[in-house]
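S.K.: Handing you a structure now.
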Amino acid sequence: MRNEDKVLLMASIMGVETSLYIPAYIEDLRNSQIYLLLAKKIQSLRKNKDFRSVDLVIRFEQLNLENISTFEDYFNSYSEILDILNNALEDKEINPLLNESDDPLGKVKILFDGKLTTLDDMILDERYTDEYKISTFKEVYLNYHKEVKKSLMRPFVEFLMMEEVIDKNIEEKSKMTLLLLATILANAIIISLPLFPVDTFRMIYDGTLPSQPVLIYFYIIVGLLFILDAIMIFFFNVKCKDFRFFLRAYNGLKRNGNLEKKILKKEERFYGLILSHINEKKILTMKVKKVSIVNLEIKNLFYLVSIKEKLPYLTQKWTISYAFFSFNLIFYLALGGFIITILLFLGGHI
Amino acid sequence: MELTIKLKDKTYYSLKDFASDIYLNTEEAFTLVKSAKFLKILYKMEPILYNSIAELLSSPFQVDSLMFKVQYLINPLSSLSYHKVIYPNFQKLGEKIIKMAPECDIYLKDFLKYHLLSFYMKQTKIDVKDPTLYRKVKQLEEEFLQNENRAYFKLGFLLEGTKRIFYQRNVFNNPQDFLAYAIQGVNIIDFGKTFESSQYLFAYLEYLGYDSQIKKYESIVHLARQKEVENDNLRKV
């Protein structure tokens, strides 16, 4: 950070107007070596399925440089970019707890006695006592555990904060549904006009009204209304799809209880498994994914976090606009039709 | 007992008069005060005062700060003065500190470094007349151990008392106006050079109670710096 950057940051924190400088800073950041290097790294990480890679890709996608409006946001994003890059550059051995590989668990490498060794080789190595192997593995396990915690901490926190977002969306979805029903009801009234005991309405519907223009005009209104309704229902379903998936995933996670405890239990089972294999000098033939904590719930958690930003508040705006538009359209068309009808009547055409 | 004290080209006939001018000739006054002849006379004339000065001389000391204390032990009524400068009141001392900013006056730093100001306040009974001010000065003496410049400038703002900030012959009434000026054009380059090292603005903000904003700034900068260092290390590998 240059001195000028720090002054601008302080000014921004103190409420001085600094937004004019932000676009240039964002532009510089996008063109900076670290950002370009990160973008390149992310491209190669997209091919990987392990948790760490997936998490880094999600974090990168969640960077929203366009929405930066203060220097606090700018430098927080800058630190986040550096952190993602640092994690992407680190050469790490795989953490079986966060990996869904089909490879045998015994082939996982750890640092044992100063060099990288597979778990099987460590278990079978007769030069070392079981106590030494266990104490070495304990260190490795603690690092695995720390990495799990670090990977899941942010999604957990975001998950806990989601309730407010969900409630707001449910409320909006209810309003949207009511509006949709009201629109459909308006349609239904127009369609059921023939049931009204008014001769003119009946004649309009059975096509026996002498005035052709009025008939044609009426059919156009009804036709347009159906088209609008169809578009409305289609978009409502499409837009709400994301929210429905989101809600299903969220409720599923909430119902299944304390995820943290489950993860901890699975970690402890993994630890116990390794210890028992050390004591019995048995190699680890089961697949890595068998001990992994990555299950449907964890995947749901990451899914929730990744689409949280895309939740359809838009649907609400879109629906209300549609509702107002269609009510206004019906009203003005009807008014227009009414005036035309009167004029035609007075002109002796009907 | 008649007393004649010769200091440089002046002759004094009382201890109090001599003490009032110590700030003008500290080195020569020190040579005189630590001399056996002077101490013998002092012992006969003012044994309590002798004990106080002897105690100061027996502990490790810095000459200027020692003589400042001697000055006010002998004559608590003399004006606040140090290193050839008289400060008619605290407000003037504060103003001098902040008008020099972001530069620090190494002599004025002594007021906190060697606890001279609190000593002066005790000798002149200001600690009783204004215990709040005294307490704040003592607190700044503690803070000086952690961050010299920040405590020093905070003292300046405390004594100056008007909540204004001076910079490059301009006066600003609040930090927002000051920062709006500081980020303009070339000002940002000049100000940026000493922004963190001088601690001047931080002292002002802390004095006004903007602690949370300072903490926010420090945490953002600390995190960015940490990530930059990690990144540098990783890319070296």
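The values are calculated or read from the model by the stated rules, or taken from the named source; none is laboratory data. Only a predicted model underlies this, so the values are computations on that prediction, with no experimental measurement involved. Heads up, the Cβs are rebuilt from the backbone with ideal geometry, glycines too, and the neighbour counts pull from every protein chain shown. Note: accessible area is taken over every heavy atom of the protein model, side chains too, but ligands, DNA and RNA are not part of it. Shrake-Rupley method; radii C 1.70, N 1.55, O 1.52, S 1.80 Å.
S.K.: Among the residues of region A:150-164, are any closer than 30 Å to A:Ile339 by Cα and at pLDDT 75 or above?
M.R.: no
S.K.: Also, quick follow-up: Hey, among the residues in region A:1-34 that are among the basic types (Lys, Arg) and surrounded by 11 or more Cβ atoms within 10 Å (Cβ to Cβ), which one's farthest from the other protein chains (Cβ to nearest Cβ)?
M.R.: Among those residues, the one meeting the criterion is A:Arg30.
S.K.: If you don't mind, another one. In region B:10-83, which helices (runs of 4 or more DSSP H) lie fully inside it and hold 3 or more residues that are at negative phi, free of Cβ contacts under 8 Å to residues at least 12 places away in the same chain and surrounded by fewer than 14 Cβ atoms within 10 Å (Cβ to Cβ)?
M.R.: Because the criterion is at least 3 residues that are at negative phi, free of Cβ contacts under 8 Å to residues at least 12 places away in the same chain and surrounded by fewer than 14 Cβ atoms within 10 Å (Cβ to Cβ), the helices (runs of 4 or more DSSP H) in region B:10-83 that meet it are B:36-45, B:47-58.
S.K.: Here is a follow-up. Among the residues of region A:31-53, is there at least one that is assigned to a helix (DSSP H, G or I), in contact with a Lys or Arg (Cβ under 8 Å, 6 or more places away or on another chain) and not small (Gly, Ala, Ser)?
M.R.: Yes, the conditions are met somewhere in region A:31-53.
S.K.: So, in region B:172-186, of the ones that are at the interface with chain A (Cβ under 7 Å from one of its Cβ atoms) and either out of contact with any Asp or Glu (no Cβ under 9 Å at 6 or more places or on another chain) or part of a loop (DSSP other than H, G, I, E, B) (or both), which residue ends up farthest from A:Gly15 (Cα to Cα)?
M.R.: Here the residue is B:Ile183.
S.K.: Here's something else I'd like to know. Looking only at region B:187-206, decide whether some residue is modelled with pLDDT of 95 or more, more than 9 Å from chain A (Cβ to nearest Cβ) and within 21 Å of A:Glu17 (Cβ to Cβ).
M.R.: yes
S.K.: Just to be sure I understand, how many residues within region A:40-62 are of a type outside the set (D, E, K, R) and either on the phi > 0 side of the Ramachandran plot or at pLDDT 90 or above (or both)?
M.R.: The total comes to 3.
S.K.: Continuing with the same structure: Return only the number of the condition from (1) within 30 Å of A:Gly15 (Cα to Cα); (2) more than 17 Å from the chain's Cα centre (by Cα) that A:Leu63 does not satisfy.
M.R.: It is condition (2) that A:Leu63 fails.
S.K.: Count, please, the residues in region B:155-207 that happen to be in contact (Cβ under 8 Å) with a residue 40 or more places away in the chain and β-branched (Val, Ile, Thr).
M.R.: Of the residues in region B:155-207, 2 are in contact (Cβ under 8 Å) with a residue 40 or more places away in the chain and β-branched (Val, Ile, Thr).
S.K.: Continuing with the same structure: Which residue is farthest from the other protein chains (Cβ to nearest Cβ), if the candidates are limited to region A:59-73 and must be part of a helix (DSSP H, G or I) and open to solvent by less than 20 Å² (accessible area, probe 1.4 Å)?
M.R.: A:Leu65
S.K.: At pLDDT below 95, more than 11 Å from chain A (Cβ to nearest Cβ) and at positive phi: is that true of B:Arg169 in this structure?
M.R.: Against the criterion (at pLDDT below 95, more than 11 Å from chain A (Cβ to nearest Cβ) and at positive phi), B:Arg169 qualifies.
S.K.: Looking at this structure, is A:Leu98 of a type in the set (A, V, I, L, M), touching a residue at least 60 places away in the same chain (Cβ under 8 Å) and in contact with a Ser or Thr (Cβ under 9 Å, 6 or more places away or on another chain)?
M.R.: yes
S.K.: In the list A:Leu97, A:Leu37, which residue meets the criterion of being more than 14 Å from chain B (Cβ to nearest Cβ) and either over 25 Å from the mean Cα position of the chain (by Cα) or at pLDDT 85 or above (or both)? Please lay out each step first, then the result.
M.R.: Values: A:Leu37 fails: more than 14 Å from chain B (Cβ to nearest Cβ).
Only one candidate qualifies: A:Leu97.
S.K.: Please go through region B:207-220 and give me each residue that is facing chain A (nearest Cβ under 7 Å) and either farther than 22 Å from B:Tyr181 by Cα or charged (D, E, K, R) (or both), ordered by number.
M.R.: Result: B:Lys216, B:Ile220.
S.K.: Report yes if B:Tyr107 is at negative phi, open to solvent by less than 50 Å² (accessible area, probe 1.4 Å), in a helix (DSSP H, G or I) and not charged (D, E, K, R), otherwise no.
M.R.: No, not satisfied.
S.K.: Would you call A:Lys138 open to solvent by less than 70 Å² (accessible area, probe 1.4 Å) and either modelled with pLDDT of 90 or more or in a loop (DSSP other than H, G, I, E, B) (or both)? Write out each step before concluding.
M.R.: Numbers: open to solvent by less than 70 Å² (accessible area, probe 1.4 Å): no; either modelled with pLDDT of 90 or more or in a loop (DSSP other than H, G, I, E, B) (or both): yes.
Taking the combined requirement at face value, the residue does not satisfy it.
S.K.: Right, next: How many of the residues in region A:74-99 are crowded, with 16+ Cβ neighbours inside 10 Å and either touching a strand residue (DSSP E or B) at 6+ places or on another chain (Cβ under 9 Å) or in a loop (DSSP other than H, G, I, E, B) (or both)?
M.R.: 3
S.K.: Taking B:Arg150 and the conditions (1) in contact with an Asp or Glu (Cβ under 8 Å, 6 or more places away or on another chain); (2) more than 20 Å from A:Ser12 (Cα to Cα); (3) at pLDDT below 95, which numbered condition does it fall short on, given that it satisfies the others?
M.R.: With (1) in contact with an Asp or Glu (Cβ under 8 Å, 6 or more places away or on another chain); (2) more than 20 Å from A:Ser12 (Cα to Cα); (3) at pLDDT below 95 applied to B:Arg150, the lone miss is (3).
One line per residue, one yes/no per condition, for (1) farther than 28 Å from A:Gln33 by Cβ; (2) assigned by TED's automatic domain parsing to the domain that holds B:Lys109; (3) open to solvent by less than 20 Å² (accessible area, probe 1.4 Å); (4) touching a helix residue (DSSP H, G or I) at 6+ places or on another chain (Cβ under 6 Å):
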| position | (1), (2), (3), (4) |
| --- | --- |
| B:Asn170 | yes, yes, no, no |
| B:Asp177 | yes, yes, no, no |
| B:Glu196 | no, yes, no, no |
| B:Ile214 | yes, yes, yes, yes |
